[in-house]
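See structure below.
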Amino acid sequence: MDMDNIEALIKVLEGSRAEEISVKKGDFGVHIVKGRKAKSAGVRRQPTAAAAAAAVAAAEAAVRDTFILAPMVGIFHSVDGIAKIGSDVKSGQVVGAIESMKLLNDVVARVSGKIAEVMVEDGTPVEYGQPLCRLDVA
């Protein structure tokens, strides 16, 4: 992960309602919190439009792979207590449902891992793309 990917993660966070984001890939990890500004030193190069688009796509893929995100707006419901810290989740496993217009829609994990953080309680309203759980995929 390079500086361009980190900047793309910051843009993804700025465009969402989430207050913080953590991404870990291999031995490298980054944790970004809204509202804090870091002092910058030196001159940064401006990425080309293609490089910026690739960085945003890579950052969005990293976010999808690390978090279970809400696929739609509605009320989140945990399925059989699966969404608990320490629970093992397999790729393709249903971890919850979102009730929207009186219909339940499955929330499916895209990767296998262990739930490290539950970010939404059962019965809570959620927005599209909102992180529901953080997975430890290491």
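Cβ-Cβ contacts under 8 Å between residues 6 or more apart (or on different chains), taken from a first residue in the range 113-138 that is surrounded by fewer than 19 Cβ atoms within 10 Å (Cβ to Cβ) to a second residue that is of a type in the set (Asp, Glu), are listed as 114/88; 114/136; 116/136; 137/65. Taking the conditions (1) at pLDDT 90 or above; (2) within 17 Å of the chain's Cα centre (by Cα); (3) more than 12 Å from residue 71 (Cα to Cα) in turn, residue 138 satisfies each one other than (1).
The residues on offer are 81, 86, 42, and the sole one that is farther than 18 Å from residue 137 by Cβ, assigned by TED's automatic domain parsing to the domain that holds residue 117 and modelled with pLDDT under 90 is 81.
Restricting to the range 74-130, give me the number of residues that are of a type in the set (D, E, K, R) and closer than 23 Å to residue 19 by Cα. So that I can check it myself, show each step before the final result.
Initially, the range 74-130 is screened for residues of a type in the set (D, E, K, R), giving 80, 84, 88, 90, 99, 102, 106, 110, 114, 117, 121-122, 127.
Filter once more, keeping what is closer than 23 Å to residue 19 by Cα: 84, 110, 114, 117, 121-122, 127.
So the count comes out to 7.
Scan the range 1-27 for residues that are touching a strand residue (DSSP E or B) at 6+ places or on another chain (Cβ under 7 Å) and modelled with pLDDT under 75 and the total you get is 1.
What are the residues in the range 88-107 that are assigned to a strand (DSSP E or B) and either acidic (Asp, Glu) or surrounded by fewer than 12 Cβ atoms within 10 Å (Cβ to Cβ) (or both), if any? Step through it out loud before you land on a result.
Here is the first cut: in the range 88-107, the residues assigned to a strand (DSSP E or B) are 88-89, 94-100, 103-107.
Within the range 88-107, 88, 99, 103, 106 meet the criteria.
The values are calculated or read from the model by the stated rules, or taken from the named source; none is laboratory data. Because the structure is a prediction, the values reported are computed rather than measured. Glycine also receives a Cβ, built like all others from the backbone with ideal geometry; neighbour counts cover every protein chain displayed.
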